[in-house]
Amino acid sequence: MTIAAIIVAAGRGTRAGEGPPKQWRQLGGMTVLERSVACFRRADIERIIVVLHPDDMAQGVTLFGGDVILVAGGATRISSVRNALELIDPNNISKVLIHDGARPFVDQAVIQRVIDALKAAPAAAPALPVTDALWRGDNGVVRDSADREGLFRAQTPQGFDLRAILDAHRAYDPEQNAADDVEIARASGIITQIVQGSEDNIKITWPDDFVRGEKMIARSSKMDIRLGNGYDVHAFSQGDKVILCGIEVPHDKALLGHSDADVAMHALTDALYGALAQGDIGRHFPPSDPQWKGASSDIFLRHAGNLAREMGFAISNVDVTIVCERPKIGPHATVMMARLADILAIEVSRVSVKATTSERLGFTGREEGIASIATATLIKGA
């Protein structure tokens, strides 16, 4: 059985209150959407498709790079899911899981129960039986009661035979509303097996749900704080600029290196790898490999940031110190911090870039090159 996961995150989430769409808000140091994607990575789902609002595609590229497939959503949830389904080759993928990006706490047990059910059923979905009394009311007054027998609270991921759900979506009237993909499947006669859901598999909908989510993280977390440091040196060579923290700084020399010789970004990348106990840049991007000659160092830093997220860590803060007599770093520090924040997909308030001289001592004092040291703090929040 080959499986793909579609994570739907193209909505605007207006019920969640003021601020950016709920999937882009922070929850325990990570965005809601990052947490949802991480749930499926931990379940070893290799093919993950994330559906985003067209306005959010650039943000998705920054956050996930090439680690997931990004597709622009449509005007409705139905059209968004169909856009993703049409991307999947049924000759290579047999089953698909469709998940709400606003459910960041689905655990591997729930995902596995859906997958196991798909071995014998064309569709399966997690749910919990309704245990509370049900009322009908209006204007804040109870008007009637309703029978809760046989009622369930539906959750995601909802799993399907790929060809069956694709045909069901193609046949479904896009002008009609559908509560979820199970409703679309039922309209085509597909029988869906119910598997046990989880009380923790909440959907972030209202402002109070963020409070509940933070409490769940605090309750379940064993706080894991990692510190890493990095150090790098590059000599000067002939040129008219240096690249530091991804920014071109005019100078009467350039830095010598196999890649773009961004000494500051290299130190920060090694700090992140160090905090993760994952070696250094050379382990992941060997200088003996010609494909990295002249490469932009944001490739290395982005990889380190994404690796931290894949391992369940949020980047709490990073601090970079550049050691040189010239060029002067102060006038460029603000834009450098913004560039690093963009690459790492974190708030600029979590990034520090500063400079110092070596008081004319040593190779930096003799202006033979530039050195940089960096520190990174990572926190595992769930």
- request: Treat every Asp and Glu Cβ in the stretch 263-382 as -1 and every Lys and Arg Cβ as +1, leave all other atoms uncharged, and give the resulting dipole magnitude about the Cα centre to the nearest 20 debye.
  value: 120 debye
- prompt: D for the stretch 74-128, whole µm²/s, Stokes-Einstein with Kirkwood Rh over alpha-carbon pairs at 10 °C and 1.306 mPa s: what number?
  reply: 123 µm²/s
- prompt: Given a Förster radius of 30 Å and the C-beta distance between Arg15 and Asp224 as r, what FRET efficiency does 1/(1 + (r/R0)^6) yield to the nearest 0.05?
  reply: 0.35
- prompt: What whole number of Å gives the distance from the Cα centroid of the stretch 97-147 to the Cα centroid of the stretch 161-217?
  reply: 8 Å
- request: Using only the alpha carbon atoms of the stretch 224-380, find the Kirkwood hydrodynamic radius as the inverse mean reciprocal pair distance, in angstroms to one decimal.
  value: 15.4 Å
Dipole in debye (nearest 20) - the chain, about Cα centre, beta carbon charges: Lys, Arg +1; Asp, Glu -1: 460 debye
- request: Sort the following peptides by mean Cβ neighbour count (other Cβ atoms within 10 Å, averaged over residues), highest first: 143-151, 300-308, 41-49.
  value: 300-308, 41-49, 143-151
Antiparallel %, DSSP beta bridges [both residues in the chain], to 5: 60 percent
field: Cleavage-rule hits (GluC sites (Glu not before Pro)) in the stretch 181-275: DSSP loop, at most 13 neighbouring Cβ within 10 angstrom
entry: Glu199
task: Take a quick pass over the stretch 224-380 and tell me how many lysine pairs come in under 17 angstrom between Cα atoms, counting only ones 8 or more apart or on separate chains.
output: 4
message: Please give the Cα centre distance for the stretch 244-306 versus the stretch 358-381, rounded to the nearest Å.
response: 14 Å
task: Would you mind computing, in nm to one decimal, how far apart the modelled labels at Ala75 and Gln278 are, each placed 7 Å from Cα along Cα→Cβ?
output: 4.2 nm
task: Could you calculate, for the stretch 3-220, the ratio of the Cα radius of gyration to the Kirkwood radius, expressed as Rg to Rh?
output: 0.96
message: Which one, Gly257, Asn306, Gly369, projects farthest toward the positive side of the charge dipole computed for the stretch 225-374 from Cβ point charges (K/R +1, D/E -1)?
response: Asn306
field: Of Leu85, Thr356, Met336, farthest towards positive along the dipole that unit charges on Lys, Arg, Asp, Glu beta carbons give the chain
entry: Thr356
Alpha carbon centroid spacing (whole Å) that separates the stretch 8-22 from the stretch 76-94: 23 Å
Sorted largest first, extent of the chain alpha carbons per principal axis (Å): 83, 49, 35
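Every read-out reported here was derived from the displayed coordinates using simple, explicitly stated rules and does not represent laboratory data. The structure displayed is predicted, hence computed values, not measured ones. Using ideal geometry, Cβ is built from the backbone for each residue, glycine included, and neighbour counts are taken over all protein chains shown.
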